[in-house]
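One structure is given here, and the rest of the page talks about it.
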């Protein structure tokens, strides 16, 4: 029996006060779903007061997104698909457009083999318009190491979030080299088959980095309020939502995107009341039965 | 090899002697299934000498149910969807109608998100007649804490059963505040997705409350005699049956309800003979192979 | 790498030398599948030199079976569905008909609830002819205890096998009271829902009765050669085959029954050669990976 | 974050330097899929610089395969289906045809029972032409023991690989008797039902033979790049591919076979870049989450 009252959703994203633990994940090539792609998605997220992430795989340029969403809270995600100068120019452009943080995507250096796409002749790159230029050289990404993080974290005052972290070793190395946030992600499971689940990675990283208070985001298959609760109980500060937002975009543009976030917020609220959680700090691992999970991973 | 003779089903519900470990669970809005709803269900349960639970979500008022079922053994279930005065009036009314106990439902403070219902435009509240008034204010329930139990247990001499208990912490707090019974339930799994199973909760509570002799009821998915046996072996005194009784009601009114209880009693008897149990005290955890169960929950 | 040569199948059933670890399990009401029912099944088993079990649920009387199968190696299975005098008369009749052993069926005292049979109006008892009389009083079985075994084992020189043993406690009590064989069975899983598997029971009994050399038979779902190997590795001396033999009977009478046994013998031989087993003594638990099995049962 | 650069695939097969950890597994009766059967398969593998295995169950003789594939890197696989003289003649013929190694197949001494083949009247032996003679006497294989390995390893300077090894006991005995390679295989799971998986066997053998540096090959269900990575992480030096190569052969002869190997190489490369592996030495068990695997096998 828990007196939840009306649940409280207050939290923070670096210095910004937030009223939801939900973030929009960056997804590329959104003009294939809606003429204005990322511009429209941003409009929907902003309507629901959700921080939205876009990046170098976006079809609409950051300045186009910003021009049309003056009040948006933005994260810019850089895939290291070019030389250092190109990456730094991306950061400068993000600073100019007043983003909250830079995310550096580390887990998708090469296109994975997807035979269904080959069979259906599907190629996202050929559908929809583009105002954001194609990254110059993906293979450059094979050759970067931790010194890149060190270099960039000195280059900008924006907090740098490492996206695609799955091991505590990488988390620690990242922090040592200046990262201010960890984004635990396996790129939707679409890049490295049979890789770690983000729930395992989150559990493992939180266990090994107990003392660190570093901002943590997680993504991967979140579809309903109790999915969010599980990730928050495992120790994440925020969760990122991808695919559902695109469904919203496809069906009804920015209104669809916003509707998705309202549904998720309502599910979260409802589940918090019935589950007896009164604010974001009331989530912790004691509320989870982790037996099967631990057996599965041998932990 | 066990000499079972004809199995003995003697037990008790507080001071009442019983001849079955089966209880009718409270279910709301029964006039959608039969014109006389709860009145008819009660008739069926009473015909089979089964204690029947109804409550503030019932469509037929307690006095209507009682008027038509003079010999019924009743439990009245209160959802705390109003202020303290309203709750106390419910108890006074229950006392007047000579119920055996009050159940307080703690696990369903807000309607959960059910998209299939939205898609089918199904709303139980709009189907069938009503003589029991709608509860005044569900949101009141968000603000109660353990002092409610303390308050009510002093207010009435009826034993108070806490319904929706899933953790030993809540069980202990409940007992400390005057509860006389624990009803382990997750509201049919329909309120908090991914919540605890009642079999886990029962196991855990029995382990942690070994010394307490508090009356324990459990529900959740009981469909046949061996389901009952499993819950009794885990340590429950009684089991509550919901959905199957409604099937009976729908098909053949009180005769259908009674038939369901006769089927369950016969299955229980048959399984006891072949399984070598001669009375309700012969059930215990040693008869269960709990390996998979324990691995699942990490216990 | 194992030099198997041609595998050797020599074993024994009490004093009888056998050339196969396979037994025919007792099944009732066989005239529903073939006019001559048990007589014909016995003919098929005998053709393949397989010991065959029949019993008080048989449709054809023991003397009819014997009259038509002079060289058959027989076990007579008694369900204790009558008073002591009736049981002793069954044993006397079995002695007269020169059976190898008596099996006493302890796990099927009451007909279990089977709704599919009710729906299809299927009742084995109404199909096919009968020369073996119906047992006088099944409810008598509820009242026997271990003294029955003691009594009968003094009454006859035939070895008594307890059929339906699932726990080491029962196995030990049985041996103490004079039983000479253990038949680990859950009656095909059709009597007590959610009961122990026979593989678990066999494992548990063999572990707890290490020193005892008592003859052990097991049944339950055996369909192919490697099923037999698994039970033998778990420690059984023989396995009993039921359902497949009936399929054979139904399709082609005694020739069908015999064909089934030849198929199973060939599968056993083939699997022994490729698995590197050269005789029945080469089976042991070291050849099994029991991890999942042990986790499942918490052992 | 791992600087993979362009992954390096250098390895070795005894004294030969290799540029892929992939091997073609031996499969019999290939003329049923293509007129030139093994000759054509070898041509495809050779085009992709893949070592290819054929053997005594091949339809085309070794000299035919060699004549048409002068530069092929070959392994000759002998099923011990004849007397010692016949086996030694096979080895002499292999030496003459300049093979890299002899594989001795130990796990398929008798044809297993396959009812689908019986039902469809499928018999590989009756389809397609043959220039390699049928082995004289499969039953001879039942009678060989470890002395065969000792004898043959003295008879030839070619390294002898034992194919079909599934236990550390056999691995050790094999090495003691002169084997220079272990091929962990369960013959595609088609010979001994319910046998060990090759992943378990590989894990177990590597654990128990830590000090031995013996060349290890594994096969079993490899269909994509990450399957290869898993086996290499478990400790194998090479993996053998069977079925996919036959699909390639069937669809487009040697070009199809080569295409299959190019697909697998590309998947391996892609997965290595995204998984952060830069060469074949970067694979090890620390990259695997073995919890479920270990629970399954009780290790």
Got a number for residues in region C:271-293 being more than 25 Å from the chain's Cα centre (by Cα) and either at the interface with chain D (Cβ under 7 Å from one of its Cβ atoms) or under 30 Å from residue B:291 (Cα atoms) (or both)?
7
Give region D:176-195 a look and list any residue that's surrounded by fewer than 18 Cβ atoms within 10 Å (Cβ to Cβ) and out of contact with any helix residue (DSSP H, G or I) (no Cβ under 7 Å at 6 or more places or on another chain), or say none.
D:176, D:180, D:188, D:189, D:190
Of all residues in region B:271-288, count the ones that are surrounded by fewer than 18 Cβ atoms within 10 Å (Cβ to Cβ) and not in a helix (DSSP H, G or I).
4
Looking at residue C:249, is it more than 10 Å from every other protein chain (Cβ to nearest Cβ), surrounded by fewer than 16 Cβ atoms within 10 Å (Cβ to Cβ) and assigned to a helix (DSSP H, G or I)?
no
Would you confirm, using the coordinates I've provided, whether residue A:294 is closer than 23 Å to residue A:14 by Cβ, in a helix (DSSP H, G or I) and without any contact (Cβ under 8 Å) to a residue 12 or more places away in the chain?
no
Return the residues of region B:147-172 that are out of contact with any strand residue (DSSP E or B) (no Cβ under 9 Å at 6 or more places or on another chain) and over 22 Å from residue A:286 (Cα atoms); say none if nothing qualifies.
B:147, B:150, B:151, B:154, B:155, B:157
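To keep it simple, each residue is scored yes or no on (1) over 22 Å from residue B:219 (Cα atoms); (2) in contact with a helix residue (DSSP H, G or I) (Cβ under 9 Å, 6 or more places away or on another chain); (3) free of Cβ contacts under 8 Å to residues at least 40 places away in the same chain.
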{"residue": "B:10", "(1), (2), (3)": "no, yes, no"}
{"residue": "B:30", "(1), (2), (3)": "no, yes, no"}
{"residue": "B:34", "(1), (2), (3)": "yes, yes, no"}
{"residue": "B:41", "(1), (2), (3)": "no, yes, no"}
{"residue": "B:56", "(1), (2), (3)": "no, yes, no"}
{"residue": "B:64", "(1), (2), (3)": "yes, yes, no"}
{"residue": "B:72", "(1), (2), (3)": "no, yes, yes"}
{"residue": "B:90", "(1), (2), (3)": "yes, yes, yes"}
{"residue": "B:97", "(1), (2), (3)": "yes, yes, yes"}
Suppose we filter region C:2-54 for residues that are on the phi > 0 side of the Ramachandran plot, in contact with a strand residue (DSSP E or B) (Cβ under 8 Å, 6 or more places away or on another chain) and buried (at least 23 other Cβ atoms within 10 Å of the Cβ); how many remain?
0
Exactly one condition in (1) assigned to a loop (DSSP other than H, G, I, E, B); (2) surrounded by fewer than 22 Cβ atoms within 10 Å (Cβ to Cβ) is false for residue B:99; which is it?
(2)
Here are D:198, D:216, D:226: which of them is within 17 Å of residue D:53 (Cβ to Cβ), within 14 Å of another protein chain (Cβ to nearest Cβ) and either surrounded by fewer than 17 Cβ atoms within 10 Å (Cβ to Cβ) or modelled with pLDDT of 95 or more (or both)?
D:198
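Within region C:138-169, track down each residue that is in a loop (DSSP other than H, G, I, E, B) and within 14 Å of another protein chain (Cβ to nearest Cβ).
Matches in region C:138-169: C:144, C:145, C:166, C:167.
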Complete set of residues in region B:234-246 that are closer than 21 Å to residue B:275 by Cα and surrounded by fewer than 20 Cβ atoms within 10 Å (Cβ to Cβ):
B:235
Across region D:74-88, which residue is surrounded by the fewest Cβ atoms within 10 Å (Cβ to Cβ) among those that are touching a helix residue (DSSP H, G or I) at 6+ places or on another chain (Cβ under 8 Å) and under 17 Å from residue D:52 (Cβ atoms)?
D:74
Test each condition in (1) buried (at least 21 other Cβ atoms within 10 Å of the Cβ); (2) within 14 Å of another protein chain (Cβ to nearest Cβ) for residue A:221 and report the one that comes out false.
(1)
With the structure loaded, tell me whether residue D:106 is touching a strand residue (DSSP E or B) at 6+ places or on another chain (Cβ under 9 Å) and either within 12 Å of chain C (Cβ to nearest Cβ) or under 24 Å from residue C:225 (Cβ atoms) (or both) or whether it fails that test.
yes
Go through region A:7-33 and give me each residue that's within 17 Å of the chain's Cα centre (by Cα) and in a strand (DSSP E or B).
A:11, A:12, A:13, A:16, A:18, A:22, A:23, A:24
The condition of being part of a strand (DSSP E or B) and closer than 30 Å to residue D:261 by Cβ holds, among D:58, D:52, only for D:52
I'd like to know if region D:173-190 contains one or more residues that are out of contact with any strand residue (DSSP E or B) (no Cβ under 9 Å at 6 or more places or on another chain), assigned to a loop (DSSP other than H, G, I, E, B) and within 26 Å of residue D:33 (Cα to Cα).
yes
Sole exception among (1) in contact with a helix residue (DSSP H, G or I) (Cβ under 8 Å, 6 or more places away or on another chain); (2) buried (at least 19 other Cβ atoms within 10 Å of the Cβ) for residue D:156, by number
(2)
Can you name the number of the only condition in (1) over 26 Å from residue D:40 (Cβ atoms); (2) within 14 Å of chain A (Cβ to nearest Cβ); (3) touching a strand residue (DSSP E or B) at 6+ places or on another chain (Cβ under 9 Å); (4) crowded, with 22+ Cβ neighbours inside 10 Å that residue D:268 fails?
(1)
Let me spell it out: the conditions are (1) more than 13 Å from chain D (Cβ to nearest Cβ); (2) assigned to a strand (DSSP E or B), and residue A:121 meets all of them except one. Which number is the exception?
(2)
Looking at (1) out of contact with any helix residue (DSSP H, G or I) (no Cβ under 9 Å at 6 or more places or on another chain); (2) in contact (Cβ under 8 Å) with a residue 24 or more places away in the chain; (3) farther than 25 Å from residue B:39 by Cβ, find the lone condition where residue B:217 falls short.
(3)
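The values are calculated or read from the model by the stated rules, or taken from the named source; none is laboratory data. As the structure is a computational prediction, the values presented were derived from the model and not from experiment. Ideal geometry is used to build each Cβ from the backbone, glycine not excepted, and the neighbour counts take in all protein chains shown.
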